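Below is one structure; the comments refer to it alone.
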Amino acid sequence: MNKEAKKTLTRLVVAVPLMFAFGFALVPLYNVFCEVTGINGKIFQSEHNDKFISEEGRPIALQFISTNNENMPWVFKPSEQVMEIQTGKYHSATFYVKNTTNKKMTAQAVPSVAPSNAAEHLKKLECFCFEQQELMPGEEAILPIRLLVSNELPKNIKNIILSYTIFDITDYNDEALAHHQMDME
């Protein structure tokens, strides 16, 4: 083995474990990144509703945003884009969804909260994002959300944005996928 080949082999032997370690570290790095930037704010579920439910709250605006992943052909939109709500009270909202294809499809919605420090004060009691949504060709549905915003929400937050991105997670078998790809060509 020549000197160049040994040098390349040594680099590969070092690079492969480093790439594996980096891949393993991506999840905690992503969580830190989300926390710092406020992107994809996570919603923390609490077993105790004491800090959430209250007779007296303050008004805030709750804005809903819907986004389709690039390969998702469904219609997906909030029934109301902005709601005036009160902290410490239960609130319900809905999203409209329609499968515009001629195939049965399954979707999953992924939520995000902004500003990120509002996420720990938002509790979803019911959400379509907790489950996969399966719709037949042309089928439409109203998807519910039931939530609370804690009175401990920082006073400087007067607007919370709850954003959902919907993804196609249909489990296509290889034959159907091959047929679909041939149709596309």
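The values are calculated or read from the model by the stated rules, or taken from the named source; none is laboratory data. Predicted model only: the values in this text are computed from it and were never measured. Neighbour counts run over all protein chains shown; Cβ positions are idealised from the backbone, glycine included.
Considering only the stretch 82-134, how many residues are in a strand (DSSP E or B) and among the basic types (Lys, Arg)? Looking only at that region, the number is 3. Residue-level check: of (1) under 16 Å from the mean Cα position of the chain (by Cα); (2) at pLDDT below 85; (3) loosely packed, with under 11 Cβ neighbours inside 10 Å, Glu70 misses just (2). The lone criterion from (1) under 18 Å from the mean Cα position of the chain (by Cα); (2) at positive phi left unmet by Cys129 is number (2). Mind listing whichever residues of the stretch 73-99 are farther than 13 Å from Leu148 by Cα, more than 16 Å from the chain's Cα centre (by Cα) and among the aromatic types (Phe, Trp, Tyr)? Listed by number, the residues that qualify are Trp74, Tyr96. Scanning the stretch 80-89 for residues that are touching a residue at least 24 places away in the same chain (Cβ under 8 Å) and surrounded by 14 or more Cβ atoms within 10 Å (Cβ to Cβ) gives Ile85, Gln86, Thr87, Gly88, Lys89.
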